[in-house]
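Below: the structure, in structure tokens.
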Amino acid sequence: MTRTDQQLADFQAVLFDMDGTLVDSTVAVESVWSAWAERNSIPTADVLAWCHGRNVAATITHFLPHITPETLQSMVSAQLDQECTQLDSVKPAVGGWELLIWLDAHRIPWGVVTNAPRRLALARLGAATIDPPLLVTLEDVEHGKPAPDGYLHGARSCGVAPTRALVVEDSASGLAAARSAGTVVVAVGGRRDADVVCHDLVDLHRLLVQIRSK
């Protein structure tokens, strides 16, 4: 058994990123941020390349570094209002439900760790009909991704060491956070900079069943 196989065989909890990983919200995210980019005369491609996996304020200040605190607060509030209402296209990621059912059947703790504020996280998870037993949001930590705070908090809440937590991510900032936390890092959605690379959650589910049955 390889080191990676051993890590997958020994994991004791799974922590999922939300957007683009456990929840398919790409259309909603890109619609809201494309409109924001157009309103602020910023190239849409640049905004979409940056915004995934980052919180609203971090994205806004990246492109508008000289914005006043008052304007930032107003813009964040308006952006979140739009994100919380554009939910028609939000759904579970392919293979997500089946993987969660398998984890529950094997009594493996799992949760969601997201850079979204709780209000938005609950809106999108609700739209995807996912009710995680553990939800760590931006308000629950001092620093959001790419800092490791969220995944350290998630592992602690599940009662496991970070090295025994499997983190599933799709963004550069999320993968950086998981690596910094010392977890076993699984990349989905085309990312390859991780301990384990899977095409999607169907692929991950298949791999976990195979490893755990050895």
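Overview of values
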{"item": "Check on G111, in a strand (DSSP E or B), open to solvent by less than 20 Å² (accessible area, probe 1.4 Å) and touching a Gly at 6+ places or on another chain (Cβ under 8 Å)", "result": "yes"}
{"item": "Residue tally, condition touching a helix residue (DSSP H, G or I) at 6+ places or on another chain (Cβ under 9 Å), of a type in the set (D, E, K, R) and farther than 20 Å from E30 by Cβ, over the stretch 62-99", "result": "1"}
{"item": "Filtered residues of the stretch 27-54 (kept if among the β-branched types (V, I, T), open to solvent by 40 Å² or more (accessible area, probe 1.4 Å) and at pLDDT below 95)", "result": "V27"}
{"item": "Filter pass, L152 being at pLDDT 95 or above, in a helix (DSSP H, G or I), more than 15 Å from the chain's Cα centre (by Cα) and surrounded by 20 or more Cβ atoms within 10 Å (Cβ to Cβ)", "result": "no"}
{"item": "Pairs, first more than 13 Å from M18 (Cβ to Cβ) in the stretch 117-143, second open to solvent by less than 30 Å² (accessible area, probe 1.4 Å) and at pLDDT 95 or above, C-beta under 6 Å, six or more apart", "result": "V141/G150"}
{"item": "Meets criteria (touching a His at 6+ places or on another chain (Cβ under 8 Å) and either in a helix (DSSP H, G or I) or under 30 Å from R156 (Cα atoms) (or both)) for W97", "result": "no"}
{"item": "Residue under evaluation K145, criteria (1) buried (at least 20 other Cβ atoms within 10 Å of the Cβ); (2) among the basic types (K, R); (3) part of a helix (DSSP H, G or I), criterion not met", "result": "(3)"}
{"item": "Residue within the stretch 114-122 that is part of a helix (DSSP H, G or I), under 23 Å from A177 (Cα atoms), small (G, A, S) and open to solvent by 60 Å² or more (accessible area, probe 1.4 Å) present", "result": "no"}
{"item": "Which listed residue, of D193, D131, D203, is open to solvent by 40 Å² or more (accessible area, probe 1.4 Å), under 17 Å from T4 (Cβ atoms) and not in a helix (DSSP H, G or I)", "result": "D193"}
{"item": "Selected residue (criterion: nearest to P146 (Cα to Cα)) from residues of the stretch 30-80 that are assigned to a loop (DSSP other than H, G, I, E, B) and of a type in the set (S, T, Y)", "result": "T68"}
{"item": "Single condition P43 does not satisfy, out of (1) over 22 Å from V94 (Cβ atoms); (2) touching a Phe, Trp or Tyr at 6+ places or on another chain (Cβ under 8 Å)", "result": "(2)"}
{"item": "Meets criteria (closer than 30 Å to C158 by Cβ, open to solvent by 40 Å² or more (accessible area, probe 1.4 Å) and in contact with a Pro (Cβ under 8 Å, 6 or more places away or on another chain)) for D24", "result": "yes"}
{"item": "Residue within the stretch 157-170 that is modelled with pLDDT under 95, surrounded by 19 or more Cβ atoms within 10 Å (Cβ to Cβ) and closer than 17 Å to L22 by Cα present", "result": "yes"}
{"item": "Matching entry among T21, T4 (being of a type in the set (S, T, N, Q) and not in a helix (DSSP H, G or I))", "result": "T21"}
{"item": "Hits in the stretch 68-99 (condition: open to solvent by less than 50 Å² (accessible area, probe 1.4 Å) and in contact (Cβ under 8 Å) with a residue 40 or more places away in the chain)", "result": "Q79, L80, E83, L87, S89, V90, P92, A93, G95, G96, L99"}
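The values are calculated or read from the model by the stated rules, or taken from the named source; none is laboratory data. Since the model is a prediction, treat every value here as computed from it, not as a measurement. Reconstructed Cβ throughout: ideal geometry from the backbone, glycine too, with neighbour counts over all protein chains shown. Please note that ligands, DNA and RNA were not included when accessible areas were found on the heavy atoms of the full protein model with its side chains. Shrake-Rupley method; radii C 1.70, N 1.55, O 1.52, S 1.80 Å.
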